[in-house]
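Notes for the one structure printed next.
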Amino acid sequence: MRKAKVERVTEETEVRIELDLDGPPGARVETGLGFLDHLLKSFARHGRFSLFVEAAGDLEVDVHHLVEDVGITLGMALDQALASRAGIERFGEATVPMDETLVQAVLDLSGRPYLAFAPEELAIEGAPGGVNAYHFREFLRGFANHGRLTLHLRLLAGREAHHVLEAGTKALARALYQATRITREDLPSTKEVL
């Protein structure tokens, strides 16, 4: 039963997420930000997860708070669903093309939060639906910190924001699916703790 329900309420946002790592793939998502909805639905489909997201935020100020807080809450849900992390594969890697774009995600469900975001140094053009590469970085930072995982996301080719963010989301989802599979009975660590 690798499921989680998490609610996070601040003065800027309200986010409710339900995640089932083994549930039937699919998503019901409503954040008030169409492009973020698109990314989260893609995340569920390519990660083969069951995902429910209901979120609202101060979009009249900027998209930043909502995008970041959804990432934080999704990370919290992942951490809760993984529980002790016993039996998981732990590591995952996926490289995803989208036309001229190529993005690689490599992750370790180690319990140690870290984000390396290679698109940061590059000129990513555009902000589909108001979401740019820096907002995506904050989404991933919240996800990695609260999901307690190490994540390296590298842009190998491309500059158009829609393609970069969507390919990045798909690569993350596919790597996460790989890493969360149950393939053993023990903890995948010589320390016997994650």
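The values are calculated or read from the model by the stated rules, or taken from the named source; none is laboratory data. Source: prediction; values computed, not measured. Here Cβ is always computed from backbone atoms with ideal geometry, including for glycine, and neighbour counts include all displayed protein chains.
Only one of Gly75, Gly23, Gly34 is buried (at least 23 other Cβ atoms within 10 Å of the Cβ), of a type in the set (Gly, Ala, Ser) and in contact (Cβ under 8 Å) with a residue 12 or more places away in the chain. Can you tell me which? Let's see the steps before the verdict.
Details: Gly23 fails: buried (at least 23 other Cβ atoms within 10 Å of the Cβ); Gly34 fails: buried (at least 23 other Cβ atoms within 10 Å of the Cβ).
Being buried (at least 23 other Cβ atoms within 10 Å of the Cβ), of a type in the set (Gly, Ala, Ser) and in contact (Cβ under 8 Å) with a residue 12 or more places away in the chain holds for just one of Gly75, Gly23, Gly34, which is Gly75.
When the stretch 137-151 is examined, which residues are found to be part of a helix (DSSP H, G or I) and of a type in the set (A, V, I, L, M)? Walk me through how you get there before you give the answer.
At the first step, the residues of the stretch 137-151 found to be part of a helix (DSSP H, G or I) are 137-147.
If the condition is that a residue be part of a helix (DSSP H, G or I) and of a type in the set (A, V, I, L, M), then Leu140, Ala144 are the ones that fit.
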Index of the failed condition, Val103 passing every other in (1) in a helix (DSSP H, G or I); (2) surrounded by 21 or more Cβ atoms within 10 Å (Cβ to Cβ): (1)
- request: Filter the stretch 60-72 down to residues that are surrounded by 15 or more Cβ atoms within 10 Å (Cβ to Cβ) and out of contact with any Gly (no Cβ under 6 Å at 6 or more places or on another chain) and give me whichever is farthest from Gln178 (Cα to Cα).
  value: His64
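Which one is nearest to Thr180 (Cα to Cα) among residues in the stretch 111-126 that are out of contact with any Phe, Trp or Tyr (no Cβ under 9 Å at 6 or more places or on another chain) and surrounded by 13 or more Cβ atoms within 10 Å (Cβ to Cβ)?
Filtering the stretch 111-126 down to residues out of contact with any Phe, Trp or Tyr (no Cβ under 9 Å at 6 or more places or on another chain) leaves 111-114, 116, 118, 121-123, 125-126.
If we keep only those that are surrounded by 13 or more Cβ atoms within 10 Å (Cβ to Cβ) too, we end up with 111, 113-114, 116, 118, 125-126.
Details: Gly111: 13, Pro113: 16, Tyr114: 18, Ala116: 20, Ala118: 24, Glu125: 33, Gly126: 33 Å.
Here the residue is Gly111.
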- prompt: Among the strands (runs of 3 or more DSSP E) confined wholly to the stretch 1-95, which include 2 or more residues that are at pLDDT below 95?
  reply: none
query: Has the stretch 114-136 got any residue that is at pLDDT 95 or above, acidic (Asp, Glu) and not in a loop (DSSP other than H, G, I, E, B)?
result: no
message: Would you confirm, using the coordinates I've provided, whether Ala173 is touching a His at 6+ places or on another chain (Cβ under 8 Å), at pLDDT 95 or above, in a strand (DSSP E or B) and under 25 Å from Arg90 (Cβ atoms)?
response: no
query: Any residue in the stretch 40-51 that is of a type outside the set (Ser, Thr, Tyr), under 18 Å from Ala179 (Cβ atoms), buried (at least 19 other Cβ atoms within 10 Å of the Cβ) and free of Cβ contacts under 8 Å to residues at least 60 places away in the same chain?
result: yes
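For the stretch 5-15, give me the residue count where each residue is crowded, with 17+ Cβ neighbours inside 10 Å and touching an Asp or Glu at 6+ places or on another chain (Cβ under 7 Å). Spell out how you get there, then give the answer.
Start the filter on the stretch 5-15 by keeping residues that are crowded, with 17+ Cβ neighbours inside 10 Å, which leaves 6, 8, 13, 15.
Filter again for touching an Asp or Glu at 6+ places or on another chain (Cβ under 7 Å), leaving 8, 13, 15.
Total meeting the criteria: 3.
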query: Which of the following residues is surrounded by 16 or more Cβ atoms within 10 Å (Cβ to Cβ), in contact with a Gly (Cβ under 9 Å, 6 or more places away or on another chain) and on the phi > 0 side of the Ramachandran plot: Arg141, Arg85, Arg174, Arg90?
result: Arg85
